[in-house]
1. Please find, within region A:285-336, the residue that is nearest to the other protein chains (Cβ to nearest Cβ) out of those that are of a type outside the set (A, V, I, L, M) and over 30 Å from B:ILE179 (Cα atoms).
2. Tell me yes or no: at least one residue of region B:68-80 is near ligand 1 (Cβ under 10 Å from one of its atoms), open to solvent by 40 Å² or more (accessible area, probe 1.4 Å) and of a type outside the set (Ser, Thr, Tyr).
3. Can you tell me which condition A:LYS136 does not meet? The list is (1) surrounded by fewer than 16 Cβ atoms within 10 Å (Cβ to Cβ); (2) at negative phi; (3) within 35 Å of the chain's Cα centre (by Cα), and all the others hold.
4. Taking the conditions exactly as written (under 16 Å from the mean Cα position of the chain (by Cα) and either within 14 Å of chain B (Cβ to nearest Cβ) or over 30 Å from A:PHE262 (Cβ atoms) (or both)), does A:MET38 satisfy them or not?
5. Would you mind telling me which numbered condition in (1) within 12 Å of chain A (Cβ to nearest Cβ); (2) at negative phi B:ASN120 fails?
6. Among the candidates A:VAL383, A:VAL348, A:VAL354, single out the residue that is in the same structural domain as A:PHE11 (by TED's automatic domain parsing), more than 29 Å from B:LYS110 (Cβ to Cβ) and open to solvent by 20 Å² or more (accessible area, probe 1.4 Å).
7. So B:ASP186 clears everything in (1) within 25 Å of B:LEU91 (Cβ to Cβ); (2) touching a Lys or Arg at 6+ places or on another chain (Cβ under 9 Å); (3) within 16 Å of ligand 2 (Cβ to nearest atom) except one condition, right? Which one?
8. Among the residues that make up region B:88-110, is at least one of them open to solvent by less than 30 Å² (accessible area, probe 1.4 Å), of a type in the set (A, V, I, L, M, F, W, C), closer than 26 Å to B:LYS242 by Cα and within 12 Å of chain A (Cβ to nearest Cβ)?
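The values are calculated or read from the model by the stated rules, or taken from the named source; none is laboratory data. Note that the structure is a prediction, hence the values are computed from the model and not measured. For neighbour counting, all protein chains shown are included, and Cβ atoms are generated from backbone atoms with ideal geometry for every residue, glycine included. Heads up: the accessible areas ignore ligands, DNA and RNA and are worked out on the full protein's heavy atoms, side chains in. Shrake-Rupley method; radii C 1.70, N 1.55, O 1.52, S 1.80 Å.
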Amino acid sequence: MNLLMIIRVAFRALVRNKMRAALTMLGIIIGVSAVIAMVSIGQGAQQSVQEQIASIGTNLLFVSAGAQNVGGVRTGTGDTGTNTLTVEDLDAIKREVPSVSMVTPTVNTRSQLIFGSQNWNTQIQGVSEQYPDIRKWTVQDGSFFTDADVRTAGRVIVVGQTIADNLFPGTSAVGQTVRVKELPFRVVGVMARKGQDQQGRDQDDTAFAPYTTVQKKILGSPRVQVAYVSAISADATYTAQVQIGQLLRQRHKLGPQDADDFSVRNMSDIADAANQTNSIMTMLLASIASVSLLVGGIGIMNIMLVSVTERTREIGIRMAIGARSSAVRTQFLIESVVLSLTGGLIGVLLGLGVSLLIPSLLGWPTAVSTAAVIGSVIFSAAVGIFFGYYPARKAAALDPIDALRYE
Amino acid sequence: MQSTLEIQTQNVGVAPGVLSKVDEAPVVISLDHIHKTYTMGDVEVHALRGISLEIKQGEFVAIMGTSGSGKSTTMNIIGCLDRPTKGHYFLDGEDLSQLSKDQRADIRNKKLGFVFQGFNLLSRTSALENVELPMLYAGVETSERHRRSMAALAAVGLAGREKNHPNQLSGGQQQRVAIARSLVNDPALILADEPTGNLDSRTSVEVMEIFQRLNRERGMTLILVTHEPDIADYADRVVVFKDGKIKSDYRIESPRNAAEELKLLPAVDFEDDDDDSETVVNEVAEQKEA
Ligand SMILES: Nc1ncnc2c1ncn2[C@@H]1O[C@H](COP(=O)(O)OP(=O)(O)OP(=O)(O)O)[C@@H](O)[C@H]1O
Ligand SMILES: [Mg+2]
């Protein structure tokens, strides 16, 4: 008797008991869909980090004041207590490091923007005119401020979409005048929408002004917290990182024993850290989910054992009319694999469905992992074989006469 | 049919050779001093104590005897469901006494057909699929399987009932499905252990009519166990068991003719009736009148 026939026999047997087959599959369905959904969430998080990094640009470097804390790679670290990074340092970097193409300091502050009777509390970043190019962030309306505005510390400001939406609903922001700390600023541009960053912060809730203006007119301090540096190419990033380090050590007159009083980090350092956290989370979630796969397998074994006992007479009949033990064993094994595999496939569909719904329901990005789909299908087949083997062997070992007599 | 039917042996404990001399047909089954002993704990049950028997191709043999005399045990051995403790069993000249489990399964599949008292059909499975089952295990291809099942069901008068499940068929109809199933692999021999045990007398006659037809028209060899002398009278040879031995073995000069008897019984139309429960009721009603 060939395998195809046995598969057919197994299918017929399962179809005869649809309700039970469906309930037995439920464990596997839940297990597989949970694994797929979990992995999708993990992959989604990972992918959004990658996308952000790609959008920021892989040739981006962060130079910040103060020593880097051990193992800590957190964006926006700028030791506000130190004045170890100056505009002159940045000018030197731009001038003397050949692998660097663009530099912008950032001096951040929070302040109230007031327009007419509206006001909006937001982050104001003091940057250079090169900021949009470095961050690969385009201006949607108007234009970014110019190097002349930076030199003259002009009272010009570029706002993010969130600010534009809230302060100037229905009207164009460009050309309007807002007040920051009682000083009037002219809005020259509105940035394109950027969305949330990987920490879930709204990047569009930011306004940009020349760093000179922020330093002199808002903060009253020449301090620079963080600088963004763009290397000439992605390949030159590492060279640039090393050369900036050497230049700053030299300019800060640090001896060989002294630790850096600044830090230079690249995007992949930051990405790696984020990805590592994500992978650990994904693994953890997926392994919790796969426990339910195991429980599903035990459910299959239980039902198959019940089924063998219940169908003793059927087994006797099959043997009497010429089924070999191996055919009976294969039939029950296939029934169990069909149960787990069908459950697995339904689970895959359900998992995919859930993965598609999660972004709109919970606002988390998801990315379906082909490996997880293939893996859980294979795993569910393996569950069927593993947990179906014992019941199948039990069925095959029955004696036809005893089985026929079984009431 | 057998040309020498008139020669009859009524001797008690006749040697198997005596019968074979009178018949030219080849021997299908030969049991040679078969013993079967069951051991239950310390107790030994001697179910068979030296059975020797020859059955030729085309014979219709009824096995009778008191309960516990070893009829079913013998049928199980002939049916390759069980092995003798001692002695030899030849089917078509091949010694089957010591075959492996798989070899016996293959013999059951290809050379033997079974009809049981309790029908033993797969429940929640259509008549057609039940009949197809032995061919599934024989690896017969789909279209051939279908063709042969339809033909077998038609041969037992169940054309049009292919889709019915056992619980939608009367006892007699179920037994006819079982007979169709036993036929499909064209076995050398059909074994029926009390096939009419669960049937009323009219239905029994119908089943016997099918057996007689298979025997006479197709030359099928049949062995049938029964408690009822009436049923044994349809066979052309009777073997009587007692205490695990053969007590007597004789031919029936003029067996009853089930087809003739059915003509005399009031007709019950099965095929044009779609309602099974009604059919059964009709049958019972007819029976009471008779
Ligand atoms: N599996 C078994 N274990 C122990 N003893 C058995 C077994 N099967 C049958 N026997 C014994 O063997 C003897 C013959 O049994 P068997 O079933 O062949 O009788 P039978 O002639 O078919 O009777 P009946 O007409 O009641 O069906 C009986 O004494 C029975 O108790
Ligand atoms: Mg019996």
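1. Pass one, region A:285-336, residues of a type outside the set (A, V, I, L, M): A:287, A:290, A:292, A:296-297, A:299, A:302, A:307, A:309-314, A:316, A:318, A:322, A:324-326, A:329-332, A:335-336.
When the remaining residues are screened for being over 30 Å from B:ILE179 (Cα atoms), the result is A:287, A:290, A:292, A:296-297, A:299, A:302, A:336.
Details: A:SER287: 40, A:SER290: 35, A:SER292: 31, A:GLY296: 26, A:GLY297: 27, A:GLY299: 23, A:ASN302: 22, A:SER336: 19 Å.
This residue is A:SER336.
2. Let us first name the residues in region B:68-80 that are near ligand 1 (Cβ under 10 Å from one of its atoms), namely B:68-77.
The next check asks that each one be open to solvent by 40 Å² or more (accessible area, probe 1.4 Å); those that pass are B:68, B:72.
Filter once more, so that each one left must be of a type outside the set (Ser, Thr, Tyr): B:68.
Yes, because at least one residue in region B:68-80 is near ligand 1 (Cβ under 10 Å from one of its atoms), open to solvent by 40 Å² or more (accessible area, probe 1.4 Å) and of a type outside the set (Ser, Thr, Tyr).
3. Answer for A:LYS136: the failing condition is (2).
4. On the way: under 16 Å from the mean Cα position of the chain (by Cα): yes; either within 14 Å of chain B (Cβ to nearest Cβ) or over 30 Å from A:PHE262 (Cβ atoms) (or both): yes.
Criteria met by A:MET38.
5. (2)
6. Numbers: A:VAL383 fails: open to solvent by 20 Å² or more (accessible area, probe 1.4 Å); A:VAL348 fails: open to solvent by 20 Å² or more (accessible area, probe 1.4 Å).
The unique qualifying residue is A:VAL354.
7. So the condition that B:ASP186 fails would be (3).
8. Taking region B:88-110 and keeping what is open to solvent by less than 30 Å² (accessible area, probe 1.4 Å), we get B:89, B:91, B:96-97, B:99, B:104-105, B:107-109.
Pick out the ones that are also of a type in the set (A, V, I, L, M, F, W, C) and you get B:91, B:96, B:99, B:105, B:107.
From what's left, closer than 26 Å to B:LYS242 by Cα: B:91, B:96.
Cutting the leftovers down to within 12 Å of chain A (Cβ to nearest Cβ) gives us none.
No, region B:88-110 contains no residue that is open to solvent by less than 30 Å² (accessible area, probe 1.4 Å), of a type in the set (A, V, I, L, M, F, W, C), closer than 26 Å to B:LYS242 by Cα and within 12 Å of chain A (Cβ to nearest Cβ).
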